[in-house]
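Only one structure is covered here, and it is reproduced in the block below.
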Amino acid sequence: MIEANGLTKRYGSRNVVDGMSFTVQPGKITGFLGPNGAGKSTTMRMVVGLDRPTGGTVTVNGRRYAQHRAPLAEVGVLLDAKAVHGGRSAREHLVALATTHGIGRRRVDEVVELTGLTSVARVRAGKFSLGMGQRLGIAAALLGDPQTLILDEPVNGLDPEGVLWVRTLLRGLAAEGRTVFLSSHLMSEMALTADHLIVVGRGQVIADAPVDEIVSRVRTSTVRVRTPDAARLAALLSREAGVELASTGADLLDVTGSTAPAIATLAAGAGIVLYELAPVQASLEDAYMQLTEHAVEYRATPPDAPTATSTSTSGAHR
């Protein structure tokens, strides 16, 4: 279990993490989401003692990370898969970690096999692809057979088979009663993997709830219509004030700004047959975008926005 109470980290005059309180429960996968700059990485670093909090506390299994006599046996951590000496082989890297905790070579061999590294165990880590580096990082996190796992972007660089393997692995570990704390920017994968979500923005917790509950909060006003006469129905709907249409297939329309009863009435009056008429279900991505729309620090310039060279520079860049 991971418990944070009023966790704060200040750099200069800015609170990167601003009074966060949350609990990551055992027996489930908890996703950690937020825009770039939201404080996710800093929070994870404070959990494992790499950064010292300015205020508040955070414990793992009832103790601060530094108080555990054998941290690898308590907490498995993957924060940066590149944090490996490039001149060492995968097995040498794992043996070096194991030696610090009195972990036997048999366990090293077990995690090598578990993570699919057997054929490259004696290859220097510096020659690994991004995906193989991730597998080595996961192997290191699993080395001490810990009760708690903290993983930052663990599927980054993995192929579809590798992504499925990680998902299955984490679900199995959670089913054993272990605590799994997982950060990722891949909403589709998080929707398939996580049971619970902690969403942060500008250093504060925005949402802390089961995945289904967070998705159910999304406001949606889009109705999907399937009809063999999509063009004629679209023409009729386009005359309605505030209605927006999107063609998603030869006989499919997504209608925003109207309701299913109103569309059904309009279609019946025109003799248009409807095969399907249903609200579009919100996705985790929809929910995430709504939750964080006012918490994004770094926004890209829209493609059609004027650039600095196409506008007056009078008084600029002073």
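What follows is calculated from the coordinates using simple rules that are stated; it is not laboratory data. As the structure is a computational prediction, the values presented were derived from the model and not from experiment. No Cβ is skipped: glycine too gets one built from the backbone with ideal geometry, and neighbour counts run over all protein chains shown.
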Packing rank of 278-285, 242-249, where each peptide gets the mean count of other beta carbons within 10 Å, highest leading: 278-285, 242-249
Value of Rg/Rh across segment 143-250 [Cα atoms, Kirkwood radius]: 1.16
For Val180, residues with placed amide H under 5 Å, excluding near neighbours: Gly27, Lys28, Thr30, Leu149
Peptides ranked, highest mean first, by Cβ atoms within 10 Å: ranges 88-97, 13-22, 133-142: 133-142, 88-97, 13-22
Once the Cα gyration tensor of segment 1-101 is diagonalised, semi-axes √(5λ) in Å: 26, 17, 13
Degrees, to the nearest 10: 90-100 long Cα axis against longest axis of the chain: 60 degrees
Cβ-Cβ FRET estimate between Tyr11 and Thr259, R0 fixed at 30 Å, reported to 0.05: 0.05
Given (i) 23.2; (ii) 13.7; (iii) 16.7, the label whose value is mean projected area of the Cα convex hull in nm² derived from this model: (i)
Gain upon complete extension [Glu176, Val95; 0.36 nm per residue less C-alpha separation]: 26.6 nm
Selection from Val211, Leu186, Val280, by position along the positive dipole direction of the chain (Cβ): Leu186
Within segment 29-188: Cβ-based charge dipole about Cα centre, in debye rounded to nearest 20 (Lys, Arg +1; Asp, Glu -1): 380 debye
Segment 2-216, relative contact order [Cα under 8 Å, separation at least 6], %: 31 percent
CD proxy at 222 nm, helix term only [per DSSP H run n ≥ 4: -39500 (n - 2.57); per residue of the chain; nearest 500]: -9000 deg cm²/dmol
Magnitude of the charge dipole, the chain, Cβ model with Lys/Arg +1 and Asp/Glu -1, debye to 20: 1360 debye
Linear extension gain, Ala73 paired with Arg106, 0.36 nm per residue minus alpha-carbon span: 10.3 nm
Amide H contacts under 5 Å for Val17, placed H, 5+ residues apart: Lys9
Overall Cα dimensions of segment 85-229 - principal axes, largest extent first, Å: 63, 37, 31
Å³ per residue enclosed by the Cα convex hull of segment 222-279: 64 Å³
Karplus 3J(HN,Hα) series, Hz, for segment 229-246 with 6.51 cos²θ - 1.76 cosθ + 1.60 (x for Gly, Pro): 10, 4, 5, 5, 5, 4, 4, 5, 5, 5, 7, 7, 5, x, 8, 10, 10, 9
Beta bridge orientation in the chain: antiparallel %, DSSP, nearest 5: 65 percent
Check: segment 222-279 dipole with +1 on Lys, Arg Cβ and -1 on Asp, Glu Cβ, in debye: 80 debye
Label-point separation in nm, Arg52 to Ala231, each point 7 Å along Cα→Cβ: 7.2 nm
Potential extension, Ala268-Val296 segment - 0.36 nm per residue separation minus Cα distance: 5.6 nm
For a label point 7 Å along the Cα-to-beta-carbon line of Arg88, residues of segment 48-64 with backbone N under 15 Å: none
